[in-house]
1. Report yes if residue 31 is modelled with pLDDT of 95 or more and part of a loop (DSSP other than H, G, I, E, B), otherwise no.
2. Could you check how many residues of region 155-174 are without any contact (Cβ under 8 Å) to a residue 60 or more places away in the chain, of a type outside the set (Ser, Thr, Tyr), more than 15 Å from residue 250 (Cβ to Cβ) and assigned to a loop (DSSP other than H, G, I, E, B)?
3. What about residue 270, is it buried (at least 21 other Cβ atoms within 10 Å of the Cβ) and of a type in the set (S, T, N, Q)?
4. Considering only region 66-101, how many residues are at positive phi and of a type in the set (A, V, I, L, M)?
5. Only one residue in 206, 173 is modelled with pLDDT under 95, assigned by TED's automatic domain parsing to the domain that holds residue 218 and surrounded by fewer than 19 Cβ atoms within 10 Å (Cβ to Cβ), so which one is that?
6. Out of 213, 221, which single residue is over 26 Å from residue 59 (Cα atoms) and either in contact with a strand residue (DSSP E or B) (Cβ under 9 Å, 6 or more places away or on another chain) or assigned by TED's automatic domain parsing to the domain that holds residue 118 (or both)?
7. Failed condition for residue 122, given (1) surrounded by fewer than 17 Cβ atoms within 10 Å (Cβ to Cβ); (2) under 13 Å from residue 62 (Cβ atoms), with all others met?
8. Does region 53-72 include one or more residues that are modelled with pLDDT of 95 or more, farther than 24 Å from residue 156 by Cα and out of contact with any Leu (no Cβ under 8 Å at 6 or more places or on another chain)?
Amino acid sequence: MTQGAFQPAFGGSNTISRLRGDAFVLKVTGLTQNSVPPSIGGIANAASYSTATFSAGEAVVIFGQNLGPAGTPVSAQIDAMTGKLGTTLAGAQVLFDGLPAPLIYVSGQQASAIVPFEIAGPGTTQVTVRYNGAQSAAFPLRIGPSSPGLFTNNQQGTGQGAIYNQDSTRNSSSNPASPGAVVVLYGTGAGQFSPAGITGQVVTSSPPFPSIDSSVSVAIDGITVPGSSILYAGAVPGLVETLFQINVILPDNLSSGNRMVAVTIGGVTTQINVTVAVK
């Protein structure tokens, strides 16, 4: 009997004519196992929110229930042992064909992970989420060589791109770039890098940097820029090998205003309705 219990001894009684029993109240604390397992409702490219085809190394957003702890998302952590982005966060894991993926953040209804480079296309991968020992049903994804998407300011894949001007300031209608100037585009889903990407690896902050392994082209306002105007196309220095960066010179004959921008990698083009502000 627990010391200090309210009733430390049996308090009931029984007689020949009547049986009288006893009752107790039990309080259990410290259990963390989910009563409801995780469930995946959908998966999308973290930049474009496309749900068509995915690629190795791509950052994805997972929507569902009981994917992680409720409330504020828990952000990514670097594993001190490996120096890579951790694959377990707040008791949650995302697995592609059983292979744990690097995690960007987790919460109850939304999580973000990186498709491991080991999951190469074309083909299909089965995605599952584990949280505190419970596991979701598998969710199938189509995998191709590339599936690029561009990041935007509204974080919904449309409108003003998350683009930087030549002077490292954010591109916007109030801070447009001049024709002939350099702008920097950011995205995810380029597919494999060269040399081959390492799952969860942080890119060094000094060259040489991993380059995009497939052919790259850029169109601004429907004008395909010459290859010589693409100054860099590869991984983002200092960040995890999932993002790509493209430094491109804007065509000289662009009209002012918000102009459509599209990137094609390995024959696959980014989402429509992404713009760059031109002076």
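The values are calculated or read from the model by the stated rules, or taken from the named source; none is laboratory data. In this text the structure is predicted, and so the values were computed from the model without any measurement. Don't worry about glycine lacking a Cβ; one is built from the backbone with ideal geometry, like all the others, and counts go over all protein chains shown.
1. Judged against the criteria, residue 31 is not a match.
2. Within region 155-174, residues that are without any contact (Cβ under 8 Å) to a residue 60 or more places away in the chain, of a type outside the set (Ser, Thr, Tyr), more than 15 Å from residue 250 (Cβ to Cβ) and assigned to a loop (DSSP other than H, G, I, E, B) number 2.
3. Numbers: buried (at least 21 other Cβ atoms within 10 Å of the Cβ): yes; of a type in the set (S, T, N, Q): yes.
Spelling it out, residue 270 is indeed buried (at least 21 other Cβ atoms within 10 Å of the Cβ) and of a type in the set (S, T, N, Q).
4. Count: 1.
5. On the way: 173 fails: modelled with pLDDT under 95.
Matching residue, one of 206, 173: 206.
6. On the way: 213 fails: over 26 Å from residue 59 (Cα atoms).
The unique qualifying residue is 221.
7. Of everything listed in (1) surrounded by fewer than 17 Cβ atoms within 10 Å (Cβ to Cβ); (2) under 13 Å from residue 62 (Cβ atoms), residue 122 misses just condition (2).
8. Looking through region 53-72, none of the residues is modelled with pLDDT of 95 or more, farther than 24 Å from residue 156 by Cα and out of contact with any Leu (no Cβ under 8 Å at 6 or more places or on another chain).
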